[in-house]
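Asks: Here you go, one structure.
Nothing in this text is a laboratory measurement; each read-out follows from the coordinates by a stated rule. This structure is a prediction, so every number in the text was calculated from the model and none was measured. All Cβ positions, glycine included, derive from the backbone under ideal geometry; neighbour counts span all protein chains shown.
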Amino acid sequence: QVQLAESGGGLVQAGGSLRLSCAASGLTFSLYAMGWFRQVPGKEREFVSAISRAGFRTLYGDSVKGRFTISRDNAKNTAYLQMDSLKPEDTAVYYCAASRQFSSMVADVSAWGQGTQVTVSS
C-alpha cells in the first residue's frame, strides 16, 4: 500500500527555518507529482506547493511564494519542503500528497501522509 511519511516538523521562532521531508513507498514515485498542503483546526486544507514528476515545474500558494521551496529526489523517493522566513501564520499541520496530475487541487490527490505539526512562535 502507498505510504507517505512526513518528518521535520517542530517548533521554531518567527523568522526561522524548517525543512520537511516526505518519504514515499508503495508507489512508483517518479510517476507522481508531489505536493504539500496545510491545515489548521476549523479551516479547509490549504495548498502550499507542488512539484511535477521530473521536478521541472513547481507551484506555490500565494502566502508562501518567495519563502518556501519544494524539491524532490526521485532516486530516494523523497520530496522536501524548505521553509524559510517562517511566520506565526504558517503554524499548521503539514501534509504530504501524491497526485497523478500536477495540480494544486485537493480533489486531485491520490494519497496523503499522516501530517506533521509546524508551530511558529512570535
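Asks: Any chance you could check the Cα centroid distance between region 1-64 and region 101-122 for me, in angstrom?
Replies: When both Cα centres are located, 5 Å separates them.
Asks: Something else about it: Loop only by DSSP, 10 or fewer other Cβ within 10 Å of the Cβ. Give me the GluC sites (Glu not before Pro) in region 13-97 that pass, ordered by residue number. Let's see the in-between values first.
Replies: Numbers: sites: Glu44, Glu46, Glu89; in loops: Glu44.
Here the sparse-neighbourhood loop sites are Glu44.
Asks: When Lys and Arg each count +1 and Asp and Glu each count -1, what net charge do the other residues less than 15 Å away from Thr91, Cβ to Cβ, add up to? Spell out each step's value before the answer.
Replies: Values: positive: Arg38, Lys43, Arg45, Arg67, Lys87; negative: Glu46, Glu89, Asp90.
That sum, taken over residues with Cβ under 15 Å, equals +2.
Asks: So the label point goes 7 Å from the Cα of Gln82 along Cα→C-beta, right? Which residues of region 37-58 then have their backbone N under 17 Å from it?
Replies: The answer is 49-52, 55-58.
Asks: Another question about this same structure. Pairs of alpha-carbon atoms within less than 8 angstrom and 6+ residues apart define the contacts here; what relative contact order does region 15-95 have, in percent? All intermediate terms of the calculation are to be shown ahead of the outcome.
Replies: Working: 137 pairs, mean separation 32.3, N = 81.
Taking the mean separation of contacting Cα pairs over the length of region 15-95, I get 40 percent.
Asks: If you don't mind, another one. Given DSSP loops and a limit of at most 11 other Cβ atoms within 10 Å, what is the longest stretch of the chain that contains no such trypsin sites (Lys or Arg not before Pro)?
Replies: Working: sites that count: Lys43, Arg57, Lys65.
The answer is 66-122.
Asks: Between Ala14 and Trp112, take the C-beta separation as r, use R0 = 25 Å, and let me know the FRET efficiency to the nearest 0.05.
Replies: Details: r = 28 Å, r/R0 = 1.11.
For R0 = 25 Å, the calculated efficiency reads 0.35.
Asks: Mind putting a number on the dipole of region 66-122 about its Cα centre? Charges go on the C-beta only, +1 for Lys and Arg and -1 for Asp and Glu, and I need it in Debye to the nearest 20.
Replies: So the magnitude is around 140 debye.
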